1. Which strands (runs of 3 or more DSSP E) does region 202-268 wholly contain that include 2 or more residues that are open to solvent by 50 Å² or more (accessible area, probe 1.4 Å)?
2. Consider only pairs whose beta carbons are under 6 Å apart and that are at least six residues apart or on different chains; among these, list those whose first residue lies in region 233-245 and is in contact (Cβ under 8 Å) with a residue 40 or more places away in the chain and whose second residue is open to solvent by 70 Å² or more (accessible area, probe 1.4 Å) and assigned to a strand (DSSP E or B).
3. List every residue pair whose Cβ atoms sit under 8 Å apart, with the two residues 6 or more apart in sequence or on different chains, where the first one lies in region 184-203 and is in contact (Cβ under 8 Å) with a residue 12 or more places away in the chain and the second, anywhere, is of a type in the set (Asp, Glu) and surrounded by fewer than 17 Cβ atoms within 10 Å (Cβ to Cβ).
4. Please specify each residue of region 99-119 satisfying the condition of being open to solvent by 40 Å² or more (accessible area, probe 1.4 Å) and not in a helix (DSSP H, G or I).
5. Do we have Ala236 as hydrophobic (A, V, I, L, M, F, W, C) and farther than 20 Å from Gly184 by Cβ here?
6. Restrict the check to region 80-94 and report whether at least one residue is under 22 Å from Leu306 (Cβ atoms), crowded, with 16+ Cβ neighbours inside 10 Å and out of contact with any Pro (no Cβ under 9 Å at 6 or more places or on another chain).
7. How many of the residues making up region 148-161 are surrounded by fewer than 23 Cβ atoms within 10 Å (Cβ to Cβ) and hydrophobic (A, V, I, L, M, F, W, C)?
Amino acid sequence: MIGQFRLLPMHYIAVAVAFLAGCKTAPRPGAVERRRGDEIVVAGQFVHTGTPVVLWLDAGGYDAYRVERRFSPIDKSDWAPSSEEVPDLRNPNRFGMRRAGLTDDEIERVRGGGWDLPLLQKVVDQFVIHFDVCGVSRQCFKVLHDHRDLSVHFMLDLDGTIYQTLDVKERAWHATIANSRSVGIEIANMGAYPSEDSRALEEWYAKDADGKARITIPKQLGDGGIRTKVFVGHPARAELVRGTIQGEELVQYDFTPEQYVALIKLTATLCKMFPRIKCDYPHDANGKLIPQKLPDEELEKYQGVLGHYHVQTNKTDPGPAFQWDTVVGGARKLLHGGMSEMADQTSKGHMRQSGPHS
C-alpha cells in the first residue's frame, strides 16, 4: 500500500489549507452575532454612533412598524378597535415611503424595502430636531403612535438613551413638507412657553437645596420609562432660558447634559452617513442663528441640521434653550478627529507639505 501512495500536487494542498483556515474563521450555523449597543440602522445596515441606542428590534424598544397601539389594552390594540376609539388614527401605518427625487424605476425598486445606501444618500439632506412636550420618550411614543398618527426616526430620552423606531430609509411623519428628505428626532423636554403661561414647567421642574433646577417626573408617569435606573436629570443650565422664536418671547428649561452628549454623536454619525446633511444650522450672513421659519425658497435649498420651527410657522421646537453651537460644534469636532475644522485642515496641510518629494 505504501508503494502505491502518490504525492498530491502543491496547488491541491494550497487549496486544502485555505479551506481549512476559512473553516476556522467562518461563523458556525446558529452562532449569535453580538452587537455593541450603539448601532443605528440605515438602509438595513448597522452603523456605530458611540452612544447607547435601543432599536425597535431590542427588548425595551419602541416599534413604529407595528399597526397596533403599544399602550392600549392588548385586546383593543389592533387596527379595527383602535380606529374606532381614536379618531385621529387614520392609517394603519404611521410612516410612508420616500418618493421625492426618485425615478419611476427607483420607486419600483424600493417600494418593497429595497433601498441601498447610495440611493438613500441621494435623497436625505436634512436632520430635523424637535422637543417632544411629553417629558420622556415613552410618553412621546405613546402620543405619536397610539394617538396622533405620527412617527419619528429617533427619540432621545432624559438620560441620553437614543431610541430608534424606524429604519432611516422610511419616510417618518414628523415635519410635514420636510418628511421626504429628512431624518427626525424628538428630544424629551417639556417645551417652551410665554412667560405668563409657563405653569406646565412647574410640574416637571423643582429646585434643589442649592437652587438648581431638577427634573421631576409626575407621579402618574411612574419612572417615565427611563432606562438608567434612579436617574436624576438636571437641565444643562440651572435657570430658565429666555429667547425669541417666530417673533415671540418664550421661556424654556435647557436639555440635559446627557442629551447633548448623545445628540452630538448622533449628529456626527448622520452627517457622516449622509454627506448632503451639512454639519451646520440655519444662520444669517453674520453667523447668527435664524430663529424662525425659513422662506420657502431657502428651505427648499437648505441642506443641514435645522429645527422644526425652521420648517413650519406654527412650531417653536427645539426652543430658545437649544444650544446649536454646542451640538454642531461638537459634531464637527468628531467628524474632524476631535479637532476643530480649521485645526483639522491645518493638520492635513502640514501632512501634505511634509510628504515624500520627487
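The values are calculated or read from the model by the stated rules, or taken from the named source; none is laboratory data. Computed from a predicted structure; not experimentally measured. Backbone-built Cβ (ideal geometry, glycine too); neighbour counts: all protein chains shown. SASA here: full protein model, heavy atoms, side chains in, ligands and nucleic acids out. Shrake-Rupley method; radii C 1.70, N 1.55, O 1.52, S 1.80 Å.
1. Values: elements: 205-207, 213-215, 241-245, 248-252.
It comes to 241-245, 248-252.
2. Close Cβ pairs satisfying both conditions: none exist.
3. From region 184-203, the pairs are Pro194/Glu248; Pro194/Glu249; Ser195/Glu249.
4. Once the filter is applied, which keeps residues that are open to solvent by 40 Å² or more (accessible area, probe 1.4 Å) and not in a helix (DSSP H, G or I), region 99-119 yields Arg99, Ala100, Gly101, Thr103, Arg111, Gly112, Asp116.
5. So Ala236 passes the test.
6. No - not one qualifying residue is present in region 80-94.
7. Within region 148-161, residues that are surrounded by fewer than 23 Cβ atoms within 10 Å (Cβ to Cβ) and hydrophobic (A, V, I, L, M, F, W, C) number 1.
Yes/no per residue for (1) open to solvent by less than 10 Å² (accessible area, probe 1.4 Å); (2) among the aliphatic types (A, V, I, L, M); (3) at negative phi:
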site	(1), (2), (3)
Asp146	yes, no, yes
Trp173	no, no, yes
Ile185	yes, yes, yes
Glu196	no, no, yes
Arg199	no, no, yes
